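Notes follow the structure.
Values in this text are rule-based calculations from the coordinates and carry no lab data. What you are looking at is a predicted structure, and each value in this text was computed from that prediction instead of being measured. In this analysis, Cβ positions are derived from the backbone assuming ideal geometry, glycine residues included, and neighbour counts consider all displayed protein chains.
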Amino acid sequence: MCGAILLAPVAASPAGAQPAFASTLRLAPNVQPANDLVPPKTKYVVANEAQIYRTPVYNPDQATGEVVRRGERPEVLGEANGGNSLLIGRNGQGVGYVSRGLMCPADLCPDIRS
């Protein structure tokens, strides 16, 4: 039995390059762009009050001083780190990241209130 393997060329991104989607977003000063940012899969509600961070990877030194509060339905501009970090927006501008573990898909948690 004879078989052939077809290899398709894959376009490589330079190290640290952002996907096209991420390059279209506006970020607040000092907010780090995420290399793997993708559009959000759903709308979210805040299950537990959460700090907003400048980086998509948890670092307590990178807190912005802003929070999202329980019951809020924040503007989520994208998902990073395999969906573990959500880029929160205010008026279309990314103000920082929140852990996905402190959020719930709005359609699954309609009863969460402040």
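According to the calculation over all Cα-Cα pairs in the stretch 29-105, the P(r) per 10 Å bin from zero is 23, 61, 16 %. Cβ crowding within 10 Å, taken as a proxy for footprinting-reagent exposure, orders 112, 88 from fewest neighbours to most as 112, 88.
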